[in-house]
Amino acid sequence: MSEENRVCPYCGGHKDKLELLCYYSNENIMWSDYRHLLPQVAVPSLVQKCPHCGKNYIIKASHVLIKDTADFEFIDPVGWNYFSQSYEDYSKLEKDDVVDYNHRLRILGAFNDEFRRIQNPPVPTEQGLHIFKDNMLHLMEYFSDPLDKAEMYREIGLFEECFKQLDMVDDEGNESKRGYKETIFNFAKQGNVSPFGWRAE
Ligand SMILES: [Zn+2]
């Protein structure tokens, strides 16, 4: 991580600890919200909060993947709490599409980690749900496949939109795609908004 990412662009203050996102996932399980396949991955959060002036800023490395966390001893792992608290600021920050896509994907994954991917999860607040939906609608703009869009609509509870997208999916001769489509359809019919695990081939 380059030194410039540790300097706040607003007040020039130095940041010793970078916020880090940790993903834990079972090997070979792909999640319908694009969670990683790797059992353990750590990446720096694209949005960092300055400990001196309290402002949020975006780091320069747009898609860094760190597999060896030994190099990063001064990092705090963060999750949904961090994303939800910085969301309003984040929405106003200037960023390119790569940063935006990456960050929004991580917001999606963090929400599901906190509220949906586990047994007996806590209930999100109204504000949290609002952020989740707003984020998903922005994230969706980066996707063109109706199968992706259907799953995204399902996870924010817009089931009619989900069905409309599913109708547009061409799964002719593709068993795996058909199975995936049916799973989305069945969950949507039940009003289920949780992501599901998918065994990668
Ligand atoms: Zn600052």
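What follows draws every value from the coordinates through simple rules; no lab data is involved. All values derive from a computational prediction rather than experimental measurement. So basically every Cβ, Gly included, is an ideal-geometry build from the backbone, and we count neighbours across all protein chains shown.
Just a few scattered comments:
- Residues whose amide H comes within less than 5 Å of that of Asp33, counting only those at least five positions distant or on another chain, are Phe196 (H built at 1.01 Å from N in the peptide plane).
- Coil-residue GluC sites (Glu not before Pro) of segment 80-179, DSSP, other Cβ within 10 Å capped at 15: Glu94, Glu172
- When all alpha carbon pairs of segment 95-151 are counted in 10 Å bins from zero, the resulting P(r) reads 22, 49, 26, 3 %.
- Filtered chymotrypsin sites (Phe, Trp or Tyr not before Pro), segment 77-168: DSSP coil and at most 15 other beta carbons within 10 Å: Phe143
- Checked against a 23 Å cut-off, the cross-linked pairs Lys95/Lys181; Lys55/Lys92; Lys133/Lys177; Lys49/Lys149; Lys17/Lys60; Lys60/Lys133 give Cα-Cα distances beyond that limit for Lys95/Lys181; Lys133/Lys177; Lys49/Lys149; Lys60/Lys133.
- Alpha-carbon Rg with Dmax, taken over segment 133-201, Å: 11.5, 35
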